[in-house]
1. Students often check this: by mean Cβ neighbours within 10 Å, which of 154-164, 117-127, 39-49 ranks highest, and how do the rest follow?
2. Exceeding 27 Å between C-alpha atoms, which entries from my cross-link table qualify? They are LYS139/LYS192; LYS55/LYS139; LYS68/LYS163; LYS55/LYS160; LYS25/LYS192.
3. Please report CYS62, CYS74 as a ranked list, fewest other C-beta atoms within 10 angstrom at the top and most at the bottom.
4. Estimate the FRET efficiency between TYR174 and ILE22 by the formula 1/(1 + (r/R0)^6), using the beta-carbon distance for r and 35 Å for R0, to the nearest 0.05.
5. Which of LEU129, SER112, CYS71 sits farthest toward the positive end of the charge dipole of segment 67-165, with +1 on the Cβ of Lys and Arg and -1 on the Cβ of Asp and Glu?
6. Run lengths n ≥ 4 of DSSP H only: what is the helix-derived mean residue ellipticity at 222 nm for the chain, with -39500 (n - 2.57) per run over all residues, to the nearest 500?
7. Place a point 7 Å from the Cα of LYS139 along the Cα-to-Cβ direction; which residues of segment 76-116 have their backbone N under 20 Å from it?
8. Given the options HIS107, HIS24, HIS53, which has the most mean-square fluctuation in a GNM of the chain, springs set between C-alpha atoms less than 10 angstrom apart?
Amino acid sequence: MSNYNVAPLEVLVEQFERMPGIGHKTAQRLAYYVLNLSKTDAEALAKAVTDAHTKIHYCAECCNLTDKELCPVCANPARDKSVICVVETPRDASAIEKTHEYNGVYHILHGSISPLNGIGPDNITIKQLLARFNGDDVKEVIMATNPTVEGDATALYISKLLKPLGVKVTRLAYGIPVGGDLEYADEYTLAKALEGRSEI
């Protein structure tokens, strides 16, 4: 009898397959891994998933993920609240944090404007971003959306909303990666590198 006739195993494989970047074979490996866990470890894994789902929510200020009212960055009085770095996902904010070069705060959009995918300005956290200008003394907004057509469109849309507020809006510089060769760069990357050149 094939293992695929075991309904709970089939359901487990299907659940893993629904995760981004997980194919059928990886889903099978994960399912068998879970089956081989002790009862205690399996219950701990299930509890971790349930706890994450029930306890994690958006930060009241920046919309990052947190289990408190404010995320650790917004709750830190040493952070410069006059500079907001706007990113698409919590992972993008984590990547910037790892540089240890930024001391401002963030705003997480949870996506980018993409009419082809049915995502408009109301489907991401633009309203929450604009609400931050009521009380905070924001001097600069760094648009750190991805260097894609959707990321650029989102940055442009938000900058047009912010300009009348007298806020300085900047865009992350991007182009040729350090250590990269020009011959391997695509036309879009080269064009952006030329556009964002600075004096030396």
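1. 154-164, 117-127, 39-49
2. Where the Cα-Cα span goes over 27 Å, the pairs concerned are LYS55/LYS139; LYS68/LYS163; LYS55/LYS160; LYS25/LYS192.
3. With the fewest neighbours first, CYS62, CYS74 line up as CYS74, CYS62.
4. Numbers: r = 29 Å, r/R0 = 0.84.
The pair TYR174/ILE22 has a calculated efficiency of 0.75.
5. LEU129
6. Mean residue ellipticity, 222 nm, calculated: -12000 deg cm²/dmol.
7. 76-86, 101-107
8. HIS24
Laboratory data are not the source of any read-out in this text; all were calculated from the coordinates shown. Worth saying up front: this structure is predicted, and the values here are computed from it rather than measured. Cβ sites come from the backbone with ideal geometry, for glycine too, and all protein chains shown count toward neighbours.
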